[in-house]
Every structure is written in C-alpha cells, then in structure tokens.
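Since the structure comes first, as structure tokens, the remarks are kept for the end.
The values are calculated or read from the model by the stated rules, or taken from the named source; none is laboratory data. Every value quoted in this text rests on a predicted model; they were computed, and no experiment measured them. Heads up, the Cβs are rebuilt from the backbone with ideal geometry, glycines too, and the neighbour counts pull from every protein chain shown. Just the protein is used for accessible areas: all its heavy atoms, side chains included, with ligands, DNA and RNA removed. Shrake-Rupley method; radii C 1.70, N 1.55, O 1.52, S 1.80 Å.
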Amino acid sequence: MSAESDGPVEGFSHFNLDPLLIQGIEAAGFSTPRPIQAKTLPLALEGRDVLGLAQTGTGKTAGFALPILERILGETRAGPRALVLAPTRELAAQILAEFKLLSRFASVKLLNIYGGVGQRPQVQGLRKRPDVIVACPGRLLDLIEQGHAKLDRVEMFVLDEA
C-alpha cells in the first residue's frame, strides 16, 4: 500500500465525503484520521484495491467502511452492494456496529449474518436487499446453498482478519 502524503491529514473533510458521513464521523467523536485511514481512504475512495495491515484498535474498520458507505450514498442501487467477511460473530457484530455509527444520519441498510442464532431474521433481512452484509463464512455459505443469499450485485468485498 502506498499513498502520497503532504504531511498529516487534519480532518475527514479533506476526503470530500458525503455530508451525512461527515456528520456521522463527527457524532462518533472522530476528528483526525488515524494513520491507517489516512493511507487507505484516498486509494479506496478512488475504487482501488487496498491491503491494510494494522494492530487491533487502530481504525481499520472505518478505513474500509467509509469508502463503502460513500459509494453506496453516491449511487442508489439494489443490494447487496458490499460484503464484509469476518471470522467470528463477535467481530462481525463489532464491524456492523461501526457501520451503523458512521452511517447513522444516512439511509443505509445493513445486515449481520452469522451462526449460533436462528437464521429466520437473517433470511428476512436478505429479502430487504441490504446495502452491506457483514457475515461469517459458515452461515453465509448455508444461506447461499439454500438459495436465500445472492451475491451477484456485490461490488465491494472486504476480508477482515485475513
């Protein structure tokens, strides 16, 4: 990953994000992009593939969530448009919570899919064509095999904790 930088980024407005996302960022209490965000956001916002490596708690989730949300807000289409795969339901729930936090002022449909809970609410959520699915592979594969999950509209894919 490489990103040209003229020094530290002073705020998120520098990225020309949708005002509803800026509002969510400010409400979340984020003022200055973390290093991983400053490096990945410009590339991801251009639509480029990004491989980011950073310690837990450094802001990686916002680094991929903001470009996904920006693209979704920029052009309305039926979903799912983004798929985030996570290895555990705890991580999937944390990722979804971050998406909710950042998009709280925008109209974005989000869905968590993971095992260990009844699948009926997840199947109902899939019928509503969510914009973003945050899933664990096992349950997602089950729902695909049963014909409930169709991923042919996915434009953005994140493999978290690879």
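Numbers at a glance
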item: The range 35-162, relative contact order in percent, only Cα pairs under 8 angstrom and at least six apart counted; result: 30 percent
item: For the range 20-95: accessible area per residue (Å², 1.4 Å); result: 52 Å²
item: Distance in nm between pseudo-label sites at Glu90 and Glu75 (7 Å out along the Cβ direction from Cα); result: 3.9 nm
item: Shape category assigned to the range 22-90 from the gyration tensor of Cα positions, a/c cut at 1.5; result: rounded
item: The chain - percent of accessible surface contributed by carbon and sulfur, probe 1.4 Å; result: 49 percent
item: Cut-off 9 Å between beta-carbons: net charge of the residues surrounding Gly63, Lys and Arg +1, Asp and Glu -1; result: +3
item: For the range 97-161: accessible area per residue (Å², 1.4 Å); result: 56 Å²
item: Sequence ranges 25-31, 154-160, ranked by mean other-Cβ count within 10 angstrom, highest first; result: 154-160, 25-31
item: Label-to-label distance, nm, for residues given as Ala28 and Gln119 (7 Å Cα→Cβ offset); result: 3.1 nm
item: Rounded tilt (10° steps) of 35-45 against the dominant C-alpha axis of the chain; result: 70 degrees
item: Using alpha-carbon coordinates, inclination of helix 89-102 to the longest axis of the chain, degrees; result: 50 degrees
item: Charge sum, other residues only, whose C-beta stays under 13 Å from Asp152's C-beta, Lys/Arg counted +1 and Asp/Glu -1; result: +4
